[in-house]
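Asks: Right, I'll just put the structure down here and ask away after.
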Amino acid sequence: MEISAGDVFQTAAPIIASQSVEAKPPTLAAGRAPRRHRIMALGRRLAIRPEPSMPRSRRKEIGKCRLCLEEGELSFEHVPPASAFNETRVRRYTMDEWLKTDGTLGRGGRVSQKGIGAYTLCERCNNKTGAWYGREYVQWAKEALYLLACIPSGAQASLRISGRYPLRFLKQAVTMFFSANSIGVAEGSRELARFVLDKHSKSLPPRFNVFLRLYKGPLARSLGLTGILRIGRGHRVESEIAYPPFSLAFSPDSDTESAIGCISHFAQYGYSECHDVTVTTLCGEGHTPLPSDYRTRDQVEAEAQQSREEEE
């Protein structure tokens with residue numbers, strides 16, 4: 001499965017997108033996702049839903065590793081890590097197919113065996129980053145998951161993570177950024193790659209900011225660097241990976257380090273420094289393939305209805 005600059009997926013994961021504030025969080029067994037819960041994900045290719053188990057065949061992909069740029073056989077990089085509720089077989093649709101579904105999925109598309117991800121990293125880089133950073137991301141995801149059922153969409157929230165390693169989480173987020181973008185972006189981001197490949201480095205390029213938001217789904221998006229125009233608010237360029245319980249946005253040449261949800265300051269910690277951290281952020285949903293669109297379904301439908309009325 002290949003992720004390109006804007007992919008859309010529907011996948012299985014333990015997401016509670018519509019429960020009330022009083023709802024209890026789901027019960028998880030050993031961190032595995034209950035199959036009855038589903039999420040979706042969007043981009044140029046879309047959609048994922050659970051499929052009957054089938055034998056998996058080894059696929060061989062040759063290309064440049066997004067991190068070290070060495071040419072050779074590539075391994076499958078889960079985005080986010082498989083143990084962060086991303087290990088269910090999925091059904092994938094092109095954007096055109098998704099637009100024709102009117103939001104109703106389940107037929108057509110193409111089945112992917114491994115969850116969301118792509119053949120983007122050599123085995124060496126995949127193994128190193130997984131061991132150094134992947135497990136830290138999984139722990140954050142498991143802790144944050146339980147907040148989703150308790151925080152209303154659109155509300156400001158304080159995500160407090162105790163006794164964890166902030167730099168490792170940040171570097172896993174940046175690793176995912178490389179897999180969500182093209183090889184051209186990787187070739188132009190070598191300073192950022194060195195930040196990832198040296199686990200002790202604290203040199204996150206100052207022009208590059210990372211933002212975290214609590215994310216309920218039901219859609220999950222993987223979008224490469226995209227220009228976003230906000231009427232009356234200017235424009236920005238960002239890449240987004242939105243897969244419950246987190247949405248991560250990556251913005252180069254951004255002067256918004258003080259904006260809500262920014263976690264770029266995690267680079268000040270050492271690789272072995274364990275801390276309690278609190279991130280003030282927002283909680284949102286995802287019902288369209290549009291980047292950074294965190295409106296509820298009611299808001300999407302209300303605004304669509306208003307647009308129709310204005311056209312009449």
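The values are calculated or read from the model by the stated rules, or taken from the named source; none is laboratory data. Being a predicted model, the structure only gives us computed values, none of them experimental. Positions of Cβ are backbone-derived with ideal geometry, glycine not excepted, and every protein chain shown enters the neighbour counts.
Asks: Sort out which residues of segment 283-304 are assigned to a loop (DSSP other than H, G, I, E, B) and of a type outside the set (D, E, K, R), and write them in order of number. Give the derivation first.
Replies: Let us first name the residues in segment 283-304 that are assigned to a loop (DSSP other than H, G, I, E, B), namely 287-296.
Selection gives 287, 288, 289, 290, 291, 292, 294, 296.
Asks: Working only within segment 146-157, note down all residues that are in a helix (DSSP H, G or I) and surrounded by fewer than 24 Cβ atoms within 10 Å (Cβ to Cβ). Quick ask: steps written out before the conclusion?
Replies: Just the residues of segment 146-157 that are in a helix (DSSP H, G or I), to begin with: 146-148.
146, 147, listed by residue number.
Asks: While we're on this one: Only residues that are part of a helix (DSSP H, G or I), surrounded by fewer than 18 Cβ atoms within 10 Å (Cβ to Cβ) and free of Cβ contacts under 8 Å to residues at least 60 places away in the same chain: list them for segment 158-189, please. Steps first, answer last, please.
Replies: First pass over segment 158-189, keeping only residues part of a helix (DSSP H, G or I): 166-180, 183-187.
Filter again for surrounded by fewer than 18 Cβ atoms within 10 Å (Cβ to Cβ), leaving 183-184, 187.
The one that is part of a helix (DSSP H, G or I), surrounded by fewer than 18 Cβ atoms within 10 Å (Cβ to Cβ) and free of Cβ contacts under 8 Å to residues at least 60 places away in the same chain: 184.
Asks: Return the pair list, or none, for Cβ contacts closer than 9 Å from residues in segment 118-130 that are in a helix (DSSP H, G or I) to residues that are of a type in the set (Asp, Glu), at least 6 apart or on different chains.
Replies: Once the first residue is in a helix (DSSP H, G or I) and sits in segment 118-130, its partners that are of a type in the set (Asp, Glu) give 123/73; 124/70; 125/70; 125/77; 126/77; 129/77; 130/77.
Asks: Can you report the number of residues in segment 205-237 which are more than 22 Å from residue 77 (Cα to Cα), assigned to a loop (DSSP other than H, G, I, E, B) and either in contact with a strand residue (DSSP E or B) (Cβ under 8 Å, 6 or more places away or on another chain) or modelled with pLDDT of 85 or more (or both)?
Replies: 3
Asks: Moving on. Report the residue count in segment 262-282 for those that are outside any strand (DSSP E or B) and surrounded by fewer than 18 Cβ atoms within 10 Å (Cβ to Cβ). Break it down into steps so the answer makes sense when it comes.
Replies: Taking segment 262-282 and keeping what is outside any strand (DSSP E or B), we get 263-274.
Cutting the leftovers down to surrounded by fewer than 18 Cβ atoms within 10 Å (Cβ to Cβ) gives us 265, 268, 270-274.
The qualifying residues number 7.
Asks: Which of the residues that make up segment 289-312 are out of contact with any Lys or Arg (no Cβ under 8 Å at 6 or more places or on another chain), among the hydroxyl-bearing types (Ser, Thr, Tyr) and surrounded by 17 or more Cβ atoms within 10 Å (Cβ to Cβ)? Even if it seems obvious, please write down each step before you answer.
Replies: The initial filter retains those residues of segment 289-312 that are out of contact with any Lys or Arg (no Cβ under 8 Å at 6 or more places or on another chain), namely 290, 292-293, 295-302, 304-312.
Okay, now just the ones that are also among the hydroxyl-bearing types (Ser, Thr, Tyr), so 292, 296, 307.
Matches in segment 289-312: 292, 296.
Asks: Further question: Residues that are closer than 30 Å to residue 148 by Cα and in contact with a His (Cβ under 9 Å, 6 or more places away or on another chain): does segment 206-214 have at least one? Working first, answer last.
Replies: Kept after step one, since they are closer than 30 Å to residue 148 by Cα, are these residues of segment 206-214: 208-214.
When the remaining residues are screened for being in contact with a His (Cβ under 9 Å, 6 or more places away or on another chain), the result is none.
No, because not a single residue in segment 206-214 is closer than 30 Å to residue 148 by Cα and in contact with a His (Cβ under 9 Å, 6 or more places away or on another chain).
Asks: May I pose another question? Kindly check whether there is at least one residue in segment 215-227 that is crowded, with 22+ Cβ neighbours inside 10 Å and β-branched (Val, Ile, Thr).
Replies: Within segment 215-227, none of the residues are crowded, with 22+ Cβ neighbours inside 10 Å and β-branched (Val, Ile, Thr).
Asks: Mind listing just one residue for me: the one in segment 113-135 that is of a type in the set (Gly, Ala, Ser) and farther than 11 Å from residue 76 by Cβ and, of those, surrounded by the fewest Cβ atoms within 10 Å (Cβ to Cβ)? Give the steps one after another, and end with the answer.
Replies: Restricting attention to segment 113-135, the residues satisfying the condition of being of a type in the set (Gly, Ala, Ser) are 115, 117-118, 130-131, 134.
Pick out the ones that are also farther than 11 Å from residue 76 by Cβ and you get 130-131, 134.
On the way: 130: 20, 131: 10, 134: 24.
By that ranking, first place goes to 131.
Asks: A follow-up question, please. Do you know which residues across segment 58-85 are part of a loop (DSSP other than H, G, I, E, B) and under 16 Å from residue 136 (Cα atoms)? Explain how you work it out, then say what you get.
Replies: Taking segment 58-85 first, the residues part of a loop (DSSP other than H, G, I, E, B) are 58-60, 65-70, 79-85.
Hits for segment 58-85 are 79, 80, 81, 82, 83, 84, 85.
Asks: Is it true that residue 143 is under 22 Å from residue 237 (Cα atoms), part of a helix (DSSP H, G or I), of a type in the set (D, E, K, R) and modelled with pLDDT of 90 or more? Give the derivation first.
Replies: Details: under 22 Å from residue 237 (Cα atoms): no; part of a helix (DSSP H, G or I): yes; of a type in the set (D, E, K, R): yes; modelled with pLDDT of 90 or more: yes.
Judged against the criteria, residue 143 is not a match.
Asks: Another one. Checking the conditions here, which among 173, 131 is at pLDDT 95 or above, of a type in the set (A, V, I, L, M, F, W, C) and touching a Phe, Trp or Tyr at 6+ places or on another chain (Cβ under 8 Å)? Spell out how you get there, then give the answer.
Replies: Numbers: 131 fails: touching a Phe, Trp or Tyr at 6+ places or on another chain (Cβ under 8 Å).
Just one listed residue meets the conditions, 173.
Asks: Pick from 204, 219: which is in contact with a helix residue (DSSP H, G or I) (Cβ under 8 Å, 6 or more places away or on another chain) and not polar (S, T, N, Q)? Working first, answer last.
Replies: On the way: 219 fails: in contact with a helix residue (DSSP H, G or I) (Cβ under 8 Å, 6 or more places away or on another chain).
Being in contact with a helix residue (DSSP H, G or I) (Cβ under 8 Å, 6 or more places away or on another chain) and not polar (S, T, N, Q) holds for just one of 204, 219, which is 204.
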